[in-house]
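Just below is one structure, and these are the notes that go with it.
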Amino acid sequence: MEHPENCEDYKGLTVNAGIEQPSSVNPYLKERRKIRKRELTVCEFVDGIVKGDITILSQAVTLIESVKPEHHAIAQQVIEKCLPYSGNSIRVGISGVPGAGKSTSIDVFGLHVLEKYEGKLAVLAIDPSSERSKGSILGDKTRMEKLSVHPKSFIRPSPSAGSLGGVARKTRETIILCEAAGFDKIFVETVGVGQSETAVHSMVDFFLLIQLAGTGDELQGIKRGIMEMADGIVINKADGDNLDRAKLAASQFRNALHLFPTPDSGWEPQVLTYSGFYNLGVKEIWDMIYKYIDFVKDNGYFEYRRNEQSKYWMYESINEWLRNSFYQNPKIESLMAEKEQMVLQGKLTSFAAAKDLLDIYFKGLSDNSYT
């Protein structure tokens, strides 16, 4: 349509037609969608991991974390072929109450060990998932500013996704891949003090517990359970006005440890103070860790503990397979809602309903009517 300003009534005024406006949709979008990234074979995954290719290692970890059955099958083959290259690392579990400074401490610990010792470091940070949205921030890297850009470090935050404290079989399988990629030091950061520590303890060589002073948690820390699993306890934020409180807390923890029986390793857990923010006392912590590793290797406990961990995860894998096999069974899925209603209506007890479902499941297995 011509502009009315170009008619004779408006002599001396000319308005150009302009250019055609481009579409708001990217014209290359369809072409990009057609181009799909080629999926790597099992051999390509293994070769890339053994060569230390971080990109391929990350893709392999993603396969492990995937819930798709086809991805799980490939991941298991990759793990099996990487097993001969694994096992040559020091695995350190790091736990503590939320706010104790785990992520900041890992940043300081990691830089120290990479500067003082040769090798590479992998950090597996477990991030708690929301019970409502099921999402995770995965923001642990923001507190590991220096370590996250170090060329010899690999940081992998993973969502807990509702598993026990965020630590499950997938974390242990990721450790195997990281070891095959040449990482000789592995940090596993837990969500926080709770049941997840039992799972972490079953996959690491040294369990480090980070505590705070002056927060009223001394009596909680003295309780059994988490204290018995710790191979070393460190009091963070021992600086400035908090230094005296940190020393007092360390003394209280040392007294508490004397009440516990000697661990199977024969090692007496030590209590140290440090400041992650000011990088004070970090060397002493790593001296303690290496002293412990030498101690348990000399008396044979190191190999014994690794073997016990392998057995533990074999049984855990069996339990997980049985649980998934039961809940994903089509016949059980169809009957689950019916049994739930009977329990809610008071027609059946919870235990009787569970027994009925299990009887149906095992009868189906014996009859080979389903797998």
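The values are calculated or read from the model by the stated rules, or taken from the named source; none is laboratory data. Note that the structure is a prediction, hence the values are computed from the model and not measured. Neighbour counts are summed over all protein chains in view; Cβ atoms, including those assigned to glycine, are modelled from backbone coordinates with ideal geometry.
Summary table
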quantity: Filter pass, Leu40 being on the phi < 0 side of the Ramachandran plot, assigned to a loop (DSSP other than H, G, I, E, B) and either out of contact with any strand residue (DSSP E or B) (no Cβ under 7 Å at 6 or more places or on another chain) or modelled with pLDDT of 70 or more (or both); calculated: yes
quantity: Filtered residue count, the stretch 215-259, keeping only those that are modelled with pLDDT under 85 and closer than 18 Å to Lys102 by Cβ; calculated: 6
quantity: Pair list, Cβ < 7 Å and 6+ apart or interchain, from the stretch 236-262 residues that are under 16 Å from Ser105 (Cβ atoms) to residues that are surrounded by 13 or more Cβ atoms within 10 Å (Cβ to Cβ) and of a type in the set (Lys, Arg); calculated: Ala246/Lys237
quantity: Residue under evaluation Asn324, criteria (1) modelled with pLDDT of 90 or more; (2) within 26 Å of the chain's Cα centre (by Cα); (3) of a type in the set (S, T, N, Q), criterion not met; calculated: (1)
quantity: Helices (runs of 4 or more DSSP H) within the stretch 275-371 that include 3 or more residues farther than 23 Å from His201 by Cβ and not aliphatic (A, V, I, L, M); calculated: 301-327, 330-344, 350-367
quantity: Counted residues, the stretch 328-353 - those being within 17 Å of Gly364 (Cβ to Cβ) and basic (Lys, Arg); calculated: 2
quantity: Test: Tyr315 is of a type in the set (Phe, Trp, Tyr) and at pLDDT 95 or above; calculated: no
quantity: Condition check for Ile233: among the aliphatic types (A, V, I, L, M), in the same structural domain as Asp107 (by TED's automatic domain parsing), crowded, with 18+ Cβ neighbours inside 10 Å and in contact with a Pro (Cβ under 7 Å, 6 or more places away or on another chain); calculated: yes
quantity: Restricting the stretch 66-114 to residues that are part of a loop (DSSP other than H, G, I, E, B) and not small (Gly, Ala, Ser), the residue that is modelled with the highest pLDDT; calculated: Asn88
quantity: Filter result for the condition that a residue is farther than 26 Å from Ile175 by Cβ and either without any contact (Cβ under 8 Å) to a residue 60 or more places away in the chain or out of contact with any His (no Cβ under 9 Å at 6 or more places or on another chain) (or both), over Ser366, Ser310, Ser325, Ser317; calculated: Ser366
quantity: Residues that are under 20 Å from Lys185 (Cα atoms) and basic (Lys, Arg), drawn from the stretch 253-288; calculated: Lys283
